[in-house]
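Structure record follows, encoded as C-alpha cells.
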Amino acid sequence: MTQWTPLHVKLHRTLRQRGLLLPGDRILIAVSGGQDSLCLAQLLLDLQPKWNWHLAIAHCDHQWRSDSTPNAEYVETLTKQWQLPFFLQTAGTELLPTEAGAREWRYHALSAIAQAEGYPTLVTGHTQSDRSETLLFNLMRGTGADGLQALSWDRHLTPTLRLVRPLLEVSRQQTGTFCHQREITIWEDSTNLDITYSRNRIRQELLPYLTQQFNPSVEQHLAQTAELLRADVEYLETQARELLEQ
C-alpha cells in the first residue's frame, strides 16, 4: 500500500470514530474531476485494503462547458487506471444553469446510479471549506439553527441510500496539496470562477477578505460553529421525539 500521509491517518480515524463507513461497504464515489473529489477517491482507494470496501466512481456531466466531455473522459480514464467500475450520467437540455437546479439534478442522478447498481452508500468530497461557505451563504439568506448547521456528516437521500461526507474536517488547501504531492492532475471547473454565482463570490471574495482582515482561521472556526450547531439540532430533535412519544 502507498505510504500513509497525515491525511490518510486523519480520514481513517474520522471514519472509525464517527462510524461513517463500515468494513466491506459498497461505496459509490461522486467524482467531478476537481481536487476535492479526486483527493477523496485516492484516499479511499489507498485505505481500501484495510477496509475491504467495494468502490465505484460516478461522474455527472452537466453539459454546461465546452470541455465537459473531455472532463468526463478524464475521470473515466482515471477510473480505469484505478481498476474500478465507472458510471456516467449526462444531463439533457432541460437542466437549467442554476446552482440549485444543478445540485438537485446531481443528487437525483447519483441516487439513480447508486440504487440501480446496488451501492447503498454515496460519498462526496465536500470539505471544511464547503461547510464554512454554506454557513455564510445560509446566514445571509436568513435561516435558523437547522440551516446554519451546514452540511451534515451523513444523511439518508432515500430509505436505502445514505450520503456520507468524510472530508468535513479537511480544508480545500489540504486536498490541493495532496493532489499535488500525488501528482494527480486536477480538472479545473471554469464555472467555479464565475462570480455571478453567490457561492463563488463567498469563496473568491468574502472568505479571503475575512481571513485577511479579521481572522486567519475564520474558515476553520466557521466549520466548527456548524458542527456545534449540528450537535444542538440533533439533541433538540431527539428531545422533541421523546416528548412526542410521551
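Observations
- Carbon/sulfur fraction of accessible area - the chain, other protein chains in place, 1.4 Å, %: 50
- R13 paired with Q181, simple spin-label distance in nm, labels 7 Å along Cα-to-beta-carbon: 1.5
- Solvent exposure of the chain, expressed per residue, is 54 Å² of accessible area, with all protein chains present and a 1.4 angstrom probe.
- For the range 28-116, the share of alpha carbon pairs falling in successive 5 Å distance bins from zero is 3, 13, 24, 24, 19, 9, 5, 2, 0 percent.
- From phi via Karplus (6.51, -1.76, 1.60), per-residue ³J(HN,Hα) for the range 216-222 in Hz, x at Gly/Pro: x, 9, 4, 4, 5, 5, 5
- In a fully extended conformation the segment linking Q115 and L139 would gain 5.3 nm over its present Cα-Cα distance, using 0.36 nm per residue.
- Stokes-Einstein diffusion of the range 136-246 at 20 °C, 1.002 mPa s viscosity, Kirkwood radius from Cα pairs, rounded to a whole number: 128 µm²/s.
- Mean separation of Cα contacts under 8 Å, 6 or more apart, over the residue count of the chain: relative contact order %: 21
- Cut-off 11 Å between beta-carbons: net charge of the residues surrounding E133, Lys and Arg +1, Asp and Glu -1: +3
- From its DSSP helices (H runs of at least four residues, each -39,500 (n - 2.57)), the chain gives a residue-normalised ellipticity at 222 nm of -17000 deg cm²/dmol.
- Each DSSP beta bridge with both residues in the chain is either parallel or antiparallel, and the antiparallel ones are about 20%.
- Computed on the Cα atoms alone, the convex hull of the chain gives a volume of 149 cubic angstrom per residue.
- FRET efficiency for the Q3 to Q220 pair, using the beta carbon distance and R₀ = 25 Å, is estimated at 0.40.
The values are calculated or read from the model by the stated rules, or taken from the named source; none is laboratory data. This structure is a prediction, so every number in the text was calculated from the model and none was measured. Don't worry about glycine lacking a Cβ; one is built from the backbone with ideal geometry, like all the others, and counts go over all protein chains shown. Side chains are part of the model used for accessible areas, which takes the heavy atoms of the whole protein and leaves out ligands, DNA and RNA. Shrake-Rupley method; radii C 1.70, N 1.55, O 1.52, S 1.80 Å.
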